1. Here is a list: Thr155, Thr178. Which entry is of a type in the set (S, T, N, Q) and touching a residue at least 12 places away in the same chain (Cβ under 8 Å)?
2. For Gly81, work out the one condition from (1) at negative phi; (2) in contact (Cβ under 8 Å) with a residue 12 or more places away in the chain it doesn't fulfil.
3. Could you check, for segment 35-52, whether at least one of its residues is touching a residue at least 12 places away in the same chain (Cβ under 8 Å), within 15 Å of the chain's Cα centre (by Cα) and crowded, with 21+ Cβ neighbours inside 10 Å?
4. Residue under question is Pro274, and the condition is that it be touching a His at 6+ places or on another chain (Cβ under 6 Å) and either modelled with pLDDT of 90 or more or within 21 Å of Ala103 (Cα to Cα) (or both); does it hold?
5. Gln158 - would you say it is touching a helix residue (DSSP H, G or I) at 6+ places or on another chain (Cβ under 6 Å) and not aliphatic (A, V, I, L, M)?
6. Only one of these conditions is not met by Gly255: (1) on the phi > 0 side of the Ramachandran plot; (2) free of Cβ contacts under 8 Å to residues at least 40 places away in the same chain. Which number is it?
Amino acid sequence: MLVMRTRLAAAGACGLPVFCQPVSPTRQPSEDGPSRAAHLKETGPSRHPLSHRQRIDWHWHDVNQLITPGLGVLEVSTPHGRWVVPPHRAVWLPAGVPHAQQAYGPSELRCLIYPAGTNPLRLAAPAVLAVTPLLREIIAHLTGPDAPTGRPARTLEQAALDQLAHAPELPLGLPRPTDPRLRDLAALLAADPADDRSLAALGRAVGAAERTLSRLFRAELGLGFPQWRTQLRLQHALVLLAEGRSVTATAAACGFRSPSAFIEAFRHAFGTTPGRYQQD
């Protein structure tokens, strides 16, 4: 069977599911979080409700995972970068990749797992995927309270694999910088996504020339600075919308020049308008 069923528990720990362990909603990961990640074992599809800002600390698995929120927004952090994922998107996490998660708005984490050797996407690094309506329903059924077993389960598991094999990878991640100058710049904009300073002005704040920073963005993150900043703003927008902020207020808080510019950028990235996204 492609997907086996049990619960998630820390290896060698007391056997409590990791989601039952109390975690402070305001606790933030340390810089060495990935290096301190616990090895957790998950051997079956799972569904776990998460409260607003509830956090699951750094850990890793020896299986591949497909993670998607059933509702709300889920932030997934890895050493490779950070993704803020709405319900019609999912994150593929290869076996062995440390990661942490945090919910925004009342949320629900849904997860399918596959043996390390089963990789329909042939992806060696985390990726954001589009979730078709059919795949979303399959995940909901496999992780629901009345999840099937036996042959019906295996049929759905194979259908999920077939859907995954054709799921498009989306350029929606926010790569994690390692250069100290890029880290400082990223921290400035994460603290205030509406900061509209030019790259030259931000360079003066972090002690680096504009040309140097531009080169580092391309070489290290694979994105130009304008694209990276747009990704940061869109991720922040998902969080604010999940918290109930209006479209107009979200556009202003994220630094878009107008609500219409925000709506267009959001539609281009997520395939829907922010207003419709909130309604759904």
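The values are calculated or read from the model by the stated rules, or taken from the named source; none is laboratory data. Given the structure is predicted, the values throughout are model-derived calculations rather than measurements. Virtual Cβ from ideal backbone geometry, glycine too; neighbours counted across all protein chains shown.
1. Numbers: Thr155 fails: touching a residue at least 12 places away in the same chain (Cβ under 8 Å).
Answer to the check: Thr178.
2. It is condition (1) that Gly81 fails.
3. Among the residues of segment 35-52, at least one is touching a residue at least 12 places away in the same chain (Cβ under 8 Å), within 15 Å of the chain's Cα centre (by Cα) and crowded, with 21+ Cβ neighbours inside 10 Å, which makes the answer yes.
4. Details: touching a His at 6+ places or on another chain (Cβ under 6 Å): no; either modelled with pLDDT of 90 or more or within 21 Å of Ala103 (Cα to Cα) (or both): yes.
Criteria not met by Pro274.
5. Numbers: touching a helix residue (DSSP H, G or I) at 6+ places or on another chain (Cβ under 6 Å): no; not aliphatic (A, V, I, L, M): yes.
No, not satisfied.
6. Every condition holds for Gly255 apart from (2).
Yes/no matrix, rows are residues, columns are (1) touching a Lys or Arg at 6+ places or on another chain (Cβ under 7 Å); (2) hydrophobic (A, V, I, L, M, F, W, C); (3) modelled with pLDDT of 95 or more:
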| site | (1), (2), (3) |
| --- | --- |
| Gln65 | no, no, no |
| Gly72 | no, no, no |
| Pro87 | no, no, no |
| Ala95 | no, yes, no |
| Gln102 | yes, no, no |
| Gly105 | no, no, no |
| Ile113 | no, yes, no |
| Leu121 | no, yes, no |
| Ala127 | no, yes, no |
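A quick yes/no check of all residues on (1) in contact with a Pro (Cβ under 9 Å, 6 or more places away or on another chain); (2) under 25 Å from His80 (Cβ atoms); (3) charged (D, E, K, R):
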{"site": "Ala190", "(1), (2), (3)": "no, yes, no"}
{"site": "Asp196", "(1), (2), (3)": "no, no, yes"}
{"site": "Ala200", "(1), (2), (3)": "no, no, no"}
{"site": "Val206", "(1), (2), (3)": "yes, yes, no"}
{"site": "Glu210", "(1), (2), (3)": "no, no, yes"}
{"site": "Phe217", "(1), (2), (3)": "yes, yes, no"}
{"site": "Gly224", "(1), (2), (3)": "no, yes, no"}
